[in-house]
Structures are given as structure tokens and as C-alpha cells.
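Okay, structure first, notes after.
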Amino acid sequence: MRYVSTRGKSPEVSFQQVLLRGLAPDGGLYLPIEWPQFTVKELRAVLGDDFRYQALATEIIYPFVKDSLDKDELSELVHRSYGSFSAQDIVPMKRIDSKLWIAELYHGPTLAFKDIALQLVGELFENQLQKSSENITIVGATSGDTGSAAIEACRDREGMEIFILHPHGRTSEVQRRQMTSIHSKNVFNIAIEGTFDDCQDLVKGMFADVDFSTRINMSAINSINWARVMAQIVYYWWTSMQTTESGTVNFCVPSGNFGNIFAGFGAHNMGLPVENFIVASNRNDVLDRFFRNGEMELREVAPTYSPSMDIQVSSNFERLLFEVFKRDGRLVEEAFKTLRSEGSLSVSADTLSEIQKKWASYKVTDQETLQMIEKISDECNYLIDPHTAVGVQAAERYIDVSQAPIISLATAHPSKFPDAVKEASGISPSLPGHLQDLYERKESYEILPNEESIVKNFILDQMRDQ
Ligand SMILES: *Cc1c(COP(=O)(O)O)cnc(C)c1O
């Protein structure tokens with residue numbers, strides 16, 4: 001399997017290069033040159049009685065990586081990745097009513113869906129670095145959940161150092177502590193005086209500085225990394241196969257950087273029957289506005305109860321645009337140039353109506369978020385976190401549009417955002433056992449201004465000290 005850039009100007013590369021590099025040299029994101037094809041029936045037949053998450057993951061991921069790993073090796077990495085999960089099923093399902101299911105993606109070590117991809121990416125990185133005897137420096141930006149999941153996936157591993165930039169004061173306390181209480185000699189936390197988008201721009205800027213990024217052998221673990229999207233494709237198949245024998249479902253996904261829901265679209269391109277994808281946004285509604293009027297216009301980021309979705313530039317949206325533009329990289333490049341220079345990009349009316357055949361979207365306010373947490377707590381005796389609640393709100397609005405069931409993704413454990421959950425439901429969700437003493441653990445992190453040169457120097461200094 002070879003990979004192409006969404007901007008069409010970089011040479012095709014192997015999975016090995018895609019894994020460690022993240023961004024393509026022309027500024028685009030990588031996608032497989034073609035989508036491997038499966039059917040539900042065929043997967044059920046192949047798995048037989050071994051219908052477990054790990055076995056399904058191995059089948060689905062294998063075609064993407066088969067040039068660098070054999071199937072047994074992959075299977076071993078997959079099993080190791082999900083060994084740290086607290087749910088037997090990895091992604092268990094909860095039925096909320098006859099047509100609505102919630103898929104719990106939060107049973108990994110840091111309590112958010114990002115563990116599902118990052119635990120595997122950590123294994124894949126280590127496997128590859130051992131084979132090539134290379135060292136890499138991972139630099140990533142986080143709005144909260146990616147950082148802790150990435151740190152947890154990379155801590156104490158050989159051949160890698162990890163620097164995570166988070167927006168100072170804009171993550172939840174649990175999120176911050178999950179990052180800053182890890183004391184490992186290859187882990188560095190940086191609090192940037194700015195927003196998540198500033199953090200993301202810093203990382204992009206460092207990548208674009210070829211001297212710098214080559215010098216530190218820089219690698220990305222952000223959701224632009226193809227391997228993360230790839231690992232997420234699995235649970236779209238898994239949850240759909242739990243919900244229906246072979247029928248069609250809808251997926252509703254609380255979205256920010258668009259990596260999660262794009263993985264669903266990937267699964268669909270691989271043959272999974274999906275009627276519609278429902279994009280759920282909070283007040284930061286750049287995606288909702290795009291799916292309604294075909295224009296993506298950047299605005300200020302406003303803090304909400306669902307901070308992991310407080311984003312105005314959805315990086316993975318570029319991958320969707322590439323597919324929408326029939327894989328014409330020139331059009332993608334033009335669109336993003338316009339977005340940079342004019343603060344907006346738009347598609348034609350025809351393109352928009354084509355998109356709307358498969359995509360719906362809703363915007364959910366903070367108040368509606370709290371109301372949904374309360375409602376689900378009262379009616380189902382079940383706690384959901386604010387991100388999940390944004391999704392369930394959107395799913396409920398969509399419920400009469402389609403005959404098919406809706407699978408709404410639960411992206412974080414309620415105890416990761418205890419203040420909002422308590423405010424809405426009156427119940428304080430407790431942290432799972434392995435994190436019970438989180439509030440007592442010692443923290444360490446560096447606060448830096450939103451300036452690329454200062455951040456670069458900090459990284460170089462730390463590396464010199466090693
Ligand atoms: C990252 C995150 C999201 C947004 O996912 P994207 O892939 O960025 O769209 C939603 N909810 C939670 C809890 C997250 O951590």
C-alpha cells in the first residue's frame with residue numbers, strides 16, 4: 001500500500017514514512033492510494049468464533065501496513081495496545097432507546113477515545129524505530145486529550161522524546177494533570193500562552209522549518225497522522241457489527257479536528273454501509289457552518305464545556321475535501337491557500353449538495369449540553385461527559401430523519417470533565433481506580449509565550465541536556 005498527499009505534489013510513500021513523518025512535504029496529509037475493500041459478511045466469516053475487537057482490528061488494519069509488518073506481528077502489537085483497556089470488549093455499547101446507541105470509546109488509560117489510536121501508534125513507532133535504530137522527537141499540540149493519550153502511549157519508550165504543547169489554562173484540570181503528572185525522562189510538557197490553534201500553528205511552523213525538523217528528526221502524533229485515523233476506522237466496523245447483522249447505520253460524532261469522524265468516512269469508503277454521518281459541533285461551529293452553507297470561515301475560538309472541540313481549524317477536514325474534489329490535489333491546495341489568505345474557503349452549490357447527501361450537522365450550545373447530561377442521567381441512570389452530550393443532542397435531533405439506528409460516539413469518560421457533569425446532574429463522577437490519586441500527584445510543566453523561536457530553543461535545550 002502506497003500513500004499520497006492531499007496536495008498532490010509529494011511523491012508516493014510507504015506506510016513506514018507516513019507513520020513517522022505525519023505531514024507530507026508539500027503541506028498535505030497522507031491518504032492510502034486506494035481504500036481496501038471489505039464486506040461485513042466476509043469479516044464475520046473470517047473471524048468466525050473469534051469475533052473480538054483485537055481480531056477485527058488486525059484484519060482491517062493489515063492491508064494498510066502489510067508492506068512493513070506481517071500479520072502475526074501486527075496482531076501482537078494490536079493485542080499489546082488494547083491490553084491496557086479496562087473493558088473486555090474494548091468498545092462496549094449502551095442502548096439509550098430503540099434507535100439510539102452510545103459507543104463507549106473511553107476505556108483506555110487516559111479516558112478519551114484518543115487512546116484507541118495512540119496506544120497502537122506507540123507500539124507501531126517503537127516497532128519501527130527498533131528495526132531502523134533511529135531516534136525521533138515527537139512534537140504535538142493538544143487541546144487536552146491528545147496530549148495525555150500521546151504521553152501515555154510514548155512514555156518510557158526507547159528511541160523517542162515527546163514534547164506536548166497545550167494552551168495554558170484552557171484544558172480541564174484532569175486533562176492537565178494527566179499530562180503534567182507523568183515524570184518520565186522522555187516526556188516534556190509545554191503550556192503555551194495562547195489557544196489550541198496557536199499550539200497547532202507552532203507545530204506546523206516547526207515542521208515547515210526543514211532545518212529544525214530534520215535536526216531533531218521531528219515526528220507528528222497529532223490527528224493529522226494517518227496511523228491514528230487508520231486505527232479509528234476499526235471501531236466504526238466494530239460498533240456497526242454489534243448493532244446490526246448487516247444493515248445500515250448512522251454515525252453521530254462530536255467533532256473538533258475531524259479525525260474521528262473522518263475515520264468513519266474511511267470505513268464507509270472501505271465498504272461499511274453508512275447512511276449518514278452527523279457532525280456535532282459546540283459553539284465553535286466552523287464545521288456546522290460548512291456543512292450547511294458550503295463555506296468554511298474562520299472565527300475566534302470560544303471556550304465551552306467541551307474543550308476538546310474548541311477548534312476553528314479542523315485539520316482532517318482536508319482529507320474529506322480531497323475525496324470530495326475527486327482526489328485532485330491542486331484544488332485542495334488552492335482551497336487551503338484561500339483559507340490562509342482570506343480566512344475562508346467555499347465549495348460550489350453542486351459540490352455542497354453532493355456532500356449533503358452523506359453529511360448532516362448540528363450545533364449545540366453549552367446549555368443544551370448540560371440539559372442532555374441531566375436528561376440521560378435522569379432517564380437512563382447513566383452519566384455522559386459534555387463532549388458525548390453534544391453528540392447525543394445532535395443524534396436526538398436527527399433521529400426521525402432516518403429509519404436506520406444511530407450510533408453516537410462517547411468520546412470521553414464523565415470523570416474527565418467532572419465539573420460540568422456535576423453541575424448538570426448533581427452527581428460527581430469518580431475517576432477509575434488507576435487514576436484515583438490524580439489530584440495529589442506532583443505536576444511539572446514549562447509555561448512559554450506563543451513564539452516559535454522560543455519554543456524551538458526550549459526543545460533544543462532539553463535535547464542537549466539529555
Ligand atoms: C479529541 C476529542 C474530540 C474531537 O475529536 P476530533 O477527532 O478532533 O474531531 C471530541 N471529544 C473528545 C473527548 C476528544 O478528546
request  = Any chance you could run the full-extension gain for residue 132 through residue 378? It's 0.36 nm times the residue separation minus the Cα-Cα distance, nm to one decimal.
outcome  = 83.1 nm
query = Among 444, 381, 362, whose Cα sits farthest toward the positive end of the charge dipole of the stretch 313-466 (+1 at Cβ of Lys/Arg, -1 at Cβ of Asp/Glu, about the Cα centre)?
reply = 362
remark   = Where a ≥ b ≥ c are root eigenvalues of the Cα gyration tensor, a/c under 1.5 meaning rounded, otherwise prolate if a/b exceeds b/c and oblate otherwise, the chain counts as rounded
ask   = If you put +1 on each Lys and Arg Cβ and -1 on each Asp and Glu Cβ, how big is the dipole of the chain around its Cα centre, in Debye rounded to 20?
value = 500
note = Summed over the other residues with a beta carbon less than 13 angstrom from that of residue 148, with K and R at +1 and D and E at -1, the charge totals +1
inquiry  = If I model a spin label as a point 7 Å beyond the Cα along the Cα-Cβ vector, how far apart are those points for residue 193 and residue 86 in nm?
reply    = 3.8
message = Going 7 Å from the Cα of residue 353 along its beta-carbon direction, which residues of the stretch 308-330 have the amide nitrogen within less than 11 Å of the resulting point?
response = none
ask   = Cα centroids of the stretch 29-59 and the stretch 123-192: how far apart, whole angstrom?
value = 29
key: Per-residue Cβ neighbour rank within 10 angstrom, fewest leading, 430, 402   = 430, 402
key: Under 13 Å, Cβ to Cβ, from residue 62 - net charge with Lys/Arg +1 and Asp/Glu -1   = -4
ask   = Okay, helix-only estimate at 222 nm for the chain: each DSSP H run of n ≥ 4 adds -39500 (n - 2.57), divide by all residues, round to 500 deg cm²/dmol; what do you get?
value = -14000 deg cm²/dmol
task = Nearest 5 is fine: what % of DSSP beta bridges in the chain come out antiparallel, could you say?
result = 25
remark   = Length gained if residue 438 through residue 246 is fully extended, taking 0.36 nm per residue and subtracting the Cα-Cα distance, is 64.8 nm
message = Strictly over 24 Å apart at the Cα level, which of 363/416; 204/337; 99/326; 357/416 would you flag in this model?
response = 99/326; 357/416
note = Partner lysines whose C-alpha sits under 16 Å from that of residue 442, ignoring same-chain residues fewer than 8 away, are 185
ask   = So, with +1 on the Cβ of K and R and -1 on the Cβ of D and E, and no other charges, what is the size of the charge dipole of the stretch 1-97 about its Cα centre, to the nearest 20 debye?
value = 340
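Each reported figure results from applying straightforward, stated rules to the coordinates on display, with no laboratory input. Predicted, not measured: the structure shown is a model, and the values here were computed from it. Don't worry about glycine lacking a Cβ; one is built from the backbone with ideal geometry, like all the others, and counts go over all protein chains shown.
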